[in-house]
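Everything on this sheet refers to the single structure shown next.
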Amino acid sequence: MMQIEEKFTFETWPASPEKATLEAKNKFLGFWLFLGGETVLFASLFATYLALKNRVPENSHMALAKDIFELPLTFVATMLLLTSSLTSVYAIYHMKNFAFKKMYLWFGITILLGAGFLGLEVYEFNHYVHKFHHTFTSSAFGSAFYTLVGFHGGHVAFGLLWILTLMIRNAKRGLNLYNAPKFYVASLYWHFIDVVWVFIFTVVYLMGMVG
Amino acid sequence: MVNQQLNSANPRVDIEYRRKKSAEEMRYQIVSFSMMLFLTLIAFATVGLKGFDHWFAVPFILLLAVVQVIFQLFYFMHMNKKGHEAPSLFLFTGVLAAFLIVWTFSTIIWW
């Protein structure tokens, strides 16, 4: 077991810094338990959405899934998030090589891509509300849609703030066994956000456009 | 200071080995990113081209999503590596519950 305060060089940096201390091991285990719980949470939101999809008041002529969704916007958002998942893989690669600055560079790019995704989502929701009067309270469909997609968007926002906070807090510390597991766990969270998005673009957007 | 190096007596040898290992891992990750990109493109094309029947398109894009998520979990989130027994247990228990929940909600609206 390594010591948390120890100073490292590239040569002495352990191969798996995310699990090199007891605290790191606990963090790793606890975070995966949390991800199991998140899976159940999002499953319940997906299930609710599937049950309430296109349920609008009768004879209301309200917009349905096939009327509001557009392929290009969803595609661009998907590309931004998928690429940000790759850039956080790069960040962890440099963390394992004890390359602090390169890790910061790639986490920085991850944050920019994630912010781009979030900006698109804000535009999208605004567009639905003003063009189609598709709001949180307009129908059961609206409630289920904004709860599921909004919860994911909330995760993106939280993930961005999390990574940004870690970067500001540890900017002058350099890499050590205290903060390396924190960066690792934050990157797991970011990948999980992309996992959820894969199902959102498939189940909500693509299946919505198919009919 | 307790600093147990599980490495050999010659640190240079280990560093070479680790460099090789991480370069290899990076290659796998680039391949999985390309696969994920490819699967995404096929899924969007299936819907965008409009030529496909609903009964084909929906199961097909769901299958693409599942394959893409497997790439994400096993390569990007390192579940293919040693020491992920407990994470697998936690995650797959969550996935089992997810199946039951979605199944329940989709059958309850049948009648």
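The values are calculated or read from the model by the stated rules, or taken from the named source; none is laboratory data. These numbers were taken from a predicted model, which means no experiment stands behind them. Don't worry about glycine lacking a Cβ; one is built from the backbone with ideal geometry, like all the others, and counts go over all protein chains shown. Heavy atoms of the whole protein, side chains included, go into the accessibility calculation; ligands, DNA and RNA do not. Shrake-Rupley method; radii C 1.70, N 1.55, O 1.52, S 1.80 Å.
Observations, loosely collected:
- If you go through segment A:45-54 and keep only what is open to solvent by 40 Å² or more (accessible area, probe 1.4 Å) and at the interface with chain B (Cβ under 9 Å from one of its Cβ atoms), you end up with A:THR48, A:LEU50, A:LEU52.
- Test result for B:PHE76, exposed (fewer than 13 other Cβ atoms within 10 Å of the Cβ) and closer than 29 Å to A:VAL40 by Cα: no
- Scanning segment B:44-63 for residues that are in a helix (DSSP H, G or I) and open to solvent by 20 Å² or more (accessible area, probe 1.4 Å) gives B:ALA45, B:GLY48, B:HIS54, B:TRP55, B:PHE56, B:VAL58, B:PRO59, B:PHE60, B:LEU62, B:LEU63.
- Within segment A:58-93, the set of residues being assigned to a helix (DSSP H, G or I), more than 10 Å from chain B (Cβ to nearest Cβ), open to solvent by 30 Å² or more (accessible area, probe 1.4 Å) and out of contact with any Gly (no Cβ under 8 Å at 6 or more places or on another chain) comprises A:ASP67, A:LEU73, A:VAL76.
- Segment A:161-192: number of residues that are among the small types (Gly, Ala, Ser) and part of a helix (DSSP H, G or I): 3
- Any hit, segment A:193-205, residues being modelled with pLDDT under 95, closer than 28 Å to B:VAL102 by Cβ, β-branched (Val, Ile, Thr) and not in a loop (DSSP other than H, G, I, E, B): no
- Options A:GLY142, A:GLY153: the member that is assigned to a helix (DSSP H, G or I), away from chain B (no Cβ under 14 Å) and under 13 Å from the mean Cα position of the chain (by Cα): A:GLY153
- Cross-chain or 6+ apart pairs with Cβ under 9 Å, segment A:138-155 first and more than 15 Å from A:ALA63 (Cβ to Cβ), then of a type in the set (D, E, K, R) and assigned to a helix (DSSP H, G or I): A:VAL149/A:GLU121; A:VAL149/A:GLU124; A:GLY150/A:GLU121; A:HIS152/A:GLU121; A:GLY153/A:GLU121; A:HIS155/A:GLU38
- Selection from segment A:120-139 of residues that are part of a helix (DSSP H, G or I), open to solvent by 40 Å² or more (accessible area, probe 1.4 Å) and of a type outside the set (D, E, K, R): A:LEU120, A:VAL122, A:TYR123, A:PHE125, A:ASN126, A:HIS127, A:VAL129, A:HIS130, A:PHE132
- Matching entry among B:PHE33, B:PHE38 (being open to solvent by less than 50 Å² (accessible area, probe 1.4 Å), farther than 26 Å from A:LEU41 by Cα and modelled with pLDDT of 95 or more): B:PHE33
- Subset of segment A:13-36 that is at the interface with chain B (Cβ under 7 Å from one of its Cβ atoms) and more than 16 Å from A:ALA180 (Cα to Cα) - its residue that is surrounded by the fewest Cβ atoms within 10 Å (Cβ to Cβ): A:LEU33
- Residue check, A:ALA47 in contact with a His (Cβ under 6 Å, 6 or more places away or on another chain) and under 30 Å from A:VAL210 (Cβ atoms): no
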